[in-house]
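What follows is calculated from the coordinates using simple rules that are stated; it is not laboratory data. The structure presented is a predicted model; accordingly, all values stated were derived computationally and were not measured. Glycine gets a Cβ as well: all are built from the backbone with ideal geometry, and neighbour counts include every protein chain shown.
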Amino acid sequence: MPINILMPALSPTMEKGNLAKWLKKEGDKVKSGDVIAEIETDKATMEVEAVDEGTIAKILVPEGTQDVPVNDIIAVLAGDGEDVKSAGASAGAAKPAAEAAPAPKPAAPASAAAPAAAPAPQPAAAPAPQAASPAPQAAPASQANGHARTFSSPLARRLAKEAGIDLARITGTGPHGRVVARDVAEAKSGKGLKAPAAAPGAPPAIAPSMSDKQILALYEPGSYEIVPHDGMRRTIAQRLTAAVQTIPTFYLTIDCEIGKLLAAREEINASAPKDKEKKPLYKLSVNDFVIKAMAVALQKIPNCNVSWTEGGMLKHKHSDIGVAVAMPGGLITPIIRQAETKTLSTISNEMKDFAARARARKLKPDEYQGGTTAVSNLGMYGISHFTAVINPPHATILAVGTSEERPVVRGGKIEIAQMMSVTLSCDHRAIDGALGAELIGAFKQLIENPVMMMV
């Protein structure tokens with residue numbers, strides 16, 4: 001009997017993915033563990049391994065297809081002794097959902113095992129207003145089933161996917177309100193787009209101050225280019241918008257004198273052992289000290305090492321520090337696990353590896369999902385002070401500014417010291433003001449006296 005190969009869920013919150021590349025073709029034999037395809041999520045490119053042995057009889061989803069729902073059939077495998085042509089022929093009758101279904105089916109729900117990530121609800125089409133008339137009015141076909149289903153042609157669906165446009169936002173001009181190719185072309189230029197509507201049961205979204213149409217009307221046609229949002233940018237927008245709207249946040253800023261830290265860093269780097277090519281085995285950055293100090297501070301103030309859930313507070317045993325890394329099109333936060341137990345050189349080398357693989361979109365989901373807090377450092381850009389948005393399920397995030405010489409007063413005299421400002425964002429549901437002050441105070445003590453991180 002043919003074996004269906006399904007679109008895998010590569011993370012607890014994954015609902016759709018892009019089938020970037022097939023590494024096997026129809027007729028190829030595969031065994032368990034063979035890498036058969038590459039799948040792109042919003043954050044990374046992952047390899048998919050076969051779990052059964054057999055011959056690939058039919059590929060149903062071609063490479064380059066975007067937004068393939070989790071658990072959709074992407075290929076069919078003929079088992080040992082099974083006729084490959086027959087298996088492929090029977091599979092051909094069942095086209096992938098993206099082409100066969102009259103409308104995109106609802107995305108698979110996120111795993112209940114992940115309190116971490118709660119992506120914002122997917123936009124759905126709003127029901128059309130009823131016209132005042134003595135005779136009943138027929139609803140447009142795009143909304144006739146009452147479940148925000150949008151009817152569209154196969155070509156329109158493909159074009160909308162390529163453009164990264166939600167079909168539910170496109171005004172259909174085909175028969176009975178069906179979305180056709182010309183509607184997608186209009187939507188690409190910003191015409192005929194409807195504002196996203198909240199999913200049933202979801203809290204009402206805050207309406208934008210201006211619609212897409214109103215914004216585009218302010219600019220001369222041809223004076224701009226519309227770049228559709230990719231999956232990463234949409235996910236960042238959804239998660240951080242949800243964070244701002246649902247997390248009551250307060251901010252604590254403190255100045256840290258880091259003269260001792262800079263001296264220690266210089267001394268440690270100068271004495272770093274060399275490899276066979278005479279290159280140092282590690283080179284510490286200020287951010288490595290920040291990560292370690294935050295990890296130790298959370299152990300000193302364990303009531304801040306928490307995550308809020310509606311059912312109760314998660315009190316974490318270890319300090320798993322997410323570190324914001326800029327990458328093309330967005331950012332990602334790889335996590336230094338159990339950072340309080342690791343040496344500065346280990347943290348430094350892990351971060352270099354994470355940063356390189358993050359920019360190549362090669363991180364695994366377990367390397368960037370979860371964590372107990374995060375650090376965002378813009379000091380290398382000359383930013384002296386900023387506030388960062390909490391990334392759920394974290395209850396805190398530390399924003400780190402640049403190191404710079406500033407005048408300070410000591411014993412009634414003005415002196416010059418190397419200073420760095422940091423701002424702690426706190427989820428007030430989980431952390432009160434005094435408790436947050438204890439955490440940032442513990443951080444300041446450690447960062448100003450780095451030897452205490454080793455005790």
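Structure notes:
- Loop sites in the range 258-344: trypsin sites (Lys or Arg not before Pro), DSSP, at most 11 other Cβ within 10 Å: Lys276, Lys278, Lys317
- Normalised alpha carbon radius of gyration of the range 314-449 [divisor 2.2 N^0.38 Å]: 1.15
- Loop-located trypsin sites (Lys or Arg not before Pro) in the range 2-77 whose Cβ has at most 12 other Cβ within 10 Å (DSSP): Lys25, Lys31
- Lys283-Ser86 pseudo-label distance in nm [points 7 Å out on the Cα-to-Cβ vector]: 6.4
- Treating r as the C-beta distance of Ala163 and Tyr219 and R0 as 25 Å, the FRET efficiency rounds to 0.80.
- The Cα center of the range 407-422 and the Cα center of the range 287-331 differ in position by 29 Å.
- Amide H contacts for Leu6 (H built 1.01 Å from N in the peptide plane; partners 5 or more residues away or on another chain; cut-off under 5 Å): Ile74.
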